[in-house]
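First the structure, in the form of structure tokens, and then the observations on it.
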Amino acid sequence: MASLAAMSYAGAAVAAPVTGTAKVQLRYVSATLQNGQQDQKPEDVAACRKQVSSIDSRYLGVTVTTRYSVDVKTLIMSASSSLPSPVATKPLILTISLSPLGIAGQYAFGAFRPAALPNTYVLYLMGLDFKAPRSSVLVLNQGKAFNCLVSSDPSPLTGALADKLKVDQ
């Protein structure tokens with residue numbers, strides 16, 4: 001009986017994973033070169049703004065809902081982001097499973113060319129304090145000199161995420 005009580009006490013001492021839900025709106029548009037660097041050409045940024053606002057690729061203004069679970073002791077983590085279909089004629093919610101990206105100093109998740117959105121990268125980041133959630137969708141443009149990034153972050157192309165995109169693009 002004493003060992004049963006000790007086991008239940010030991011189980012109580014183990015911290016449960018931190019779970020949560022974050023909702024952010026994709027409001028900022030950037031163009032990125034195929035090597036992941038920011039494209040400074042105003043005409044490319046304008047083309048991206050038009051592209052991510054079009055009826056068959058609408059990302060600008062949508063709300064992304066991300067559910068996450070992070071065990072801060074073992075660093076076992078998972079996340080999924082849900083967003084409306086970018087094709088306005090197909091009003092349904094798509095849920096994308098995200099994988100941990102291993103970026104230091106934050107919890108970062110991504111899906112590269114997920115089946116539901118094969119011409120995109122879907123990204124989610126938050127601080128180690130589980131605050132400052134940020135979501136981004138990188139729309140890949142085959143045959144163009146630039147890709148289009150729509151984000152909840154006004155400066156998404158800085159820091160470790162930018163380095164990760166440069167490697168993966």
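What the table shows:
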| quantity | calculated |
| --- | --- |
| Selected residue (only one of 109, 130 is open to solvent by less than 20 Å² (accessible area, probe 1.4 Å), touching a strand residue (DSSP E or B) at 6+ places or on another chain (Cβ under 8 Å) and farther than 15 Å from residue 26 by Cβ) | 109 |
| Leading residue by the ranking (farthest from the chain's Cα centre (by Cα)) among those in segment 94-104 that are open to solvent by 60 Å² or more (accessible area, probe 1.4 Å) and modelled with pLDDT under 95 | 104 |
| Subset of segment 112-127 [surrounded by 15 or more Cβ atoms within 10 Å (Cβ to Cβ) and among the polar types (S, T, N, Q)] | 120 |
| So residue 83, is it touching a Ser or Thr at 6+ places or on another chain (Cβ under 9 Å), open to solvent by less than 10 Å² (accessible area, probe 1.4 Å) and either in contact (Cβ under 8 Å) with a residue 60 or more places away in the chain or not in a strand (DSSP E or B) (or both) | no |
| Cβ-Cβ under 6 Å pairs, at least 6 apart or on other chains, segment 31-59 side surrounded by 16 or more Cβ atoms within 10 Å (Cβ to Cβ), far side in a loop (DSSP other than H, G, I, E, B) and small (Gly, Ala, Ser) | 51/57; 58/88 |
| Among residues of segment 108-135, those that are of a type outside the set (Gly, Ala, Ser), in a loop (DSSP other than H, G, I, E, B) and either under 20 Å from residue 57 (Cβ atoms) or in contact (Cβ under 8 Å) with a residue 24 or more places away in the chain (or both), counted | 7 |
| Matching residues in segment 13-60 - criterion: being assigned to a strand (DSSP E or B) and not small (Gly, Ala, Ser) | 18, 19, 21, 23, 24, 25, 28, 29, 32, 33, 38 |
| Within segment 142-163, tally of residues that are open to solvent by less than 20 Å² (accessible area, probe 1.4 Å), among the aliphatic types (A, V, I, L, M) and either modelled with pLDDT of 70 or more or more than 19 Å from residue 34 (Cβ to Cβ) (or both) | 2 |
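The values are calculated or read from the model by the stated rules, or taken from the named source; none is laboratory data. Because the structure is predicted, anything quoted here is derived from the model rather than measured. Quick reminder, even Gly has a Cβ in these numbers, built from the backbone with ideal geometry, and neighbours come from all protein chains shown. These area figures cover heavy atoms from the full protein model, side chains too; ligands, DNA and RNA do not enter into them. Shrake-Rupley method; radii C 1.70, N 1.55, O 1.52, S 1.80 Å.
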